[in-house]
Amino acid sequence: MYQIRPNNLAVGRDEDEIMAKALGSGVAVCLYDEGSRAGGMVYTLFPDSRTDMKLLADEKLKYVDTALECLTKEVEQLGAEREKLWAKVIGGAQIFRFANGREQENIGRRNVAAVREWLKEHQIPIKAEDTGNNFGRTVRFRMQDGNVEIELVNKHKYYI
Amino acid sequence: MKKDTMEEEATDIFLEMGNIGTGSAVTALSNMIGRPINEIFPNVMLLDYDRLMEILGQDDERVLGLLFPVCGEISGLLLFVWKQDFVSDIFESLQGTKARLQDLDEEKLSVMKEIANIMTSAYFTAISSYTDKKIEIHAPAVSVDMAGAVVTEPAGWTSGRGKYIVCVESGFYGQDEKKASHLCFMMYQESTVGFLKSLGVEV
């Protein structure tokens with residue numbers, strides 16, 4: 001089991017498993033090619049690299065758009081076929097809700113919207129999605145069959 | 001202040017700020033629950049999720065998070081991360097009963113909100129008189145969830161307004177340091193720059 005931290009990615013195949021713990025407003029995207037049983041997961045906290053006027057080379061995994069470019073390249077290098085890739089999208093919650101809503105900035109929703117936009121633009125279909133709401137999620141992505149396990153703080157588990 | 005380092009002078013100022021604020025907040029807590037509370041010397045860093053989580057504990061540990069927006073001449077977000085054991089100790093002191101985080105009802109959450117309110121007020125009153133800056137505190141939002149999820153949202157929120165977020169973290173505990181809870185002030189970049197400039201510190 002390989003665990004990724006925020007603003008990081010990992011790729012794998014066959015028996016490999018990739019995990020991201022305690023997603024809040026951040027979003028995890030899993031890309032997978034069933035034929036080659038190769039895929040990867042990226043976990044990012046911010047929606048759009050274009051808002052960063054001084055983007056450094058090592059900050060590409062901070063933003064949904066540049067992170068997804070990196071992930072796609074890496075899974076292709078591992079042998080996945082670009083045309084056969086599908087995506088699963090997890091996270092983008094809003095953990096804190098203020099009573100008056102005044103201070104609210106829903107970064108989780110913006111992260112998910114950025115993912116959907118990028119995937120649509122690059123013609124990668126979304127096979128399943130578990131996003132939004134107000135709870136944290138731990139994600140385990142299994143390369144053997146592309147299954148994604150989601151675990152909540154109360155230890156409840158489900159699969160997408 | 002350079003990309004990922006903080007000048008010593010600026011660090012000392014924020015350390016002193018954290019010390020004064022936490023001292024006052026912890027005294028307020030101790031008075032409320034009638035027990036001595038110890039504080040852990042603050043950490044000052046440019047916001048770094050991994051480093052912060054090393055201090056706060058496991059990503060997937062259940063915690064009670066309270067988040068206060070802070071405005072005025074010093075602005076940012078103050079995050080409380082309360083651990084199970086400490087919350088239980090507090091309820092034992094106040095009501096003579098243990099409380100589990102997963103079972104906190106509205107009434108118990110209100111008690112914790114009130115405690116955090118009083119601590120926050122003490123924290124910023126002390127900082128305000130130390131820095132001579134006006135600071136306004138808004139009502140908090142509350143969540144009982146995984147520590148990682150509780151931390152990434154304010155971290156993302158502050159970082160969305162600038163790359164260089166100063167984070168002043170302090171720990172406090174009753175008897176066992178391993179059961180420490182934490183408070184963490186993440187300052188918006190524009191506030192940090194304005195604050196340091198007003199003190200004559202080169203940024």
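The values are calculated or read from the model by the stated rules, or taken from the named source; none is laboratory data. Owing to the predicted nature of the structure, the values given are computational and were not obtained by experimental measurement. Here the Cβ positions follow ideal geometry from the backbone for every residue, glycine too, while neighbour counts run over all protein chains shown.
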>> For the condition touching a residue at least 12 places away in the same chain (Cβ under 8 Å), touching a strand residue (DSSP E or B) at 6+ places or on another chain (Cβ under 9 Å), more than 23 Å from A:Arg110 (Cα to Cα) and assigned to a loop (DSSP other than H, G, I, E, B), what is the one hit in A:Ser36, A:Ser25?
In response: A:Ser36
> Would it be correct to say that B:Phe91 is buried (at least 20 other Cβ atoms within 10 Å of the Cβ) and not in a strand (DSSP E or B)?
Replying inline: no
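Rundown of residues vs (1) away from chain B (no Cβ under 14 Å); (2) in a strand (DSSP E or B); (3) in contact (Cβ under 8 Å) with a residue 40 or more places away in the chain, yes/no style:
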residue: A:Gln123; (1), (2), (3): yes, no, no
residue: A:Ala128; (1), (2), (3): yes, yes, yes
residue: A:Asn134; (1), (2), (3): no, no, yes
residue: A:Thr138; (1), (2), (3): no, yes, yes
residue: A:Gln144; (1), (2), (3): yes, no, yes
residue: A:Ile150; (1), (2), (3): no, yes, yes
residue: A:Lys155; (1), (2), (3): no, no, no
residue: A:Tyr158; (1), (2), (3): yes, yes, no
>> Just checking: which of the strands (runs of 3 or more DSSP E) contained wholly in the stretch B:115-203 hold 1 or more residues that are modelled with pLDDT of 85 or more, of a type in the set (D, E, K, R) and surrounded by 21 or more Cβ atoms within 10 Å (Cβ to Cβ)?
In response: B:141-146, B:166-173
> Condition test on B:Asp60, is it more than 13 Å from every other protein chain (Cβ to nearest Cβ) and more than 21 Å from B:Phe172 (Cβ to Cβ)?
Replying inline: no
> Which one of the conditions (1) over 15 Å from the mean Cα position of the chain (by Cα); (2) under 23 Å from A:Pro6 (Cβ atoms) does B:Leu67 fail to meet, given that it meets all the rest?
Replying inline: (1)
> What are the residues in the stretch B:167-183 that are charged (D, E, K, R) and in contact (Cβ under 8 Å) with a residue 12 or more places away in the chain, if any?
Replying inline: B:Glu169, B:Asp176, B:Glu177, B:Lys179
> Does B:Asp145 satisfy the criteria of being within 29 Å of A:Phe135 (Cα to Cα), within 19 Å of the chain's Cα centre (by Cα) and either within 14 Å of another protein chain (Cβ to nearest Cβ) or of a type in the set (S, T, N, Q) (or both)?
Replying inline: yes
>> Let me confirm something: among B:Thr27, B:Thr120, which residue is in contact (Cβ under 8 Å) with a residue 40 or more places away in the chain, more than 14 Å from chain A (Cβ to nearest Cβ), polar (S, T, N, Q) and under 30 Å from A:Pro6 (Cα atoms)?
In response: B:Thr120
>> So A:Thr51 ticks every box in (1) surrounded by fewer than 24 Cβ atoms within 10 Å (Cβ to Cβ); (2) among the β-branched types (Val, Ile, Thr); (3) more than 15 Å from A:Ile124 (Cβ to Cβ); (4) more than 14 Å from every other protein chain (Cβ to nearest Cβ) but one. Which box is left unticked?
In response: (4)
> Residues in the stretch B:98-106: is at least one away from chain A (no Cβ under 14 Å), crowded, with 19+ Cβ neighbours inside 10 Å and not in a helix (DSSP H, G or I)?
Replying inline: yes
>> Given the condition closer than 20 Å to B:Lys179 by Cα and among the small types (Gly, Ala, Ser), answer yes or no: does some residue in the stretch B:82-89 qualify?
In response: yes
> From the list B:Leu67, B:Leu109, which one is of a type outside the set (Val, Ile, Thr) and surrounded by 20 or more Cβ atoms within 10 Å (Cβ to Cβ)?
Replying inline: B:Leu67
> For the stretch A:12-22, which residues satisfy the criterion of being surrounded by fewer than 24 Cβ atoms within 10 Å (Cβ to Cβ), in a strand (DSSP E or B) and away from chain B (no Cβ under 12 Å)?
Replying inline: A:Gly12, A:Arg13, A:Glu17
> What are the residues in the stretch B:12-31 that are more than 15 Å from the chain's Cα centre (by Cα) and surrounded by 17 or more Cβ atoms within 10 Å (Cβ to Cβ), if any?
Replying inline: B:Ile13
>> Out of the residues in the stretch B:64-84 meeting the condition of being part of a strand (DSSP E or B) and among the β-branched types (Val, Ile, Thr), tell me which one is nearest to the other protein chains (Cβ to nearest Cβ).
In response: B:Val70
>> Looking at the structure I just gave you, is A:Ala67 more than 10 Å from chain B (Cβ to nearest Cβ), at pLDDT 90 or above and in a helix (DSSP H, G or I)?
In response: yes
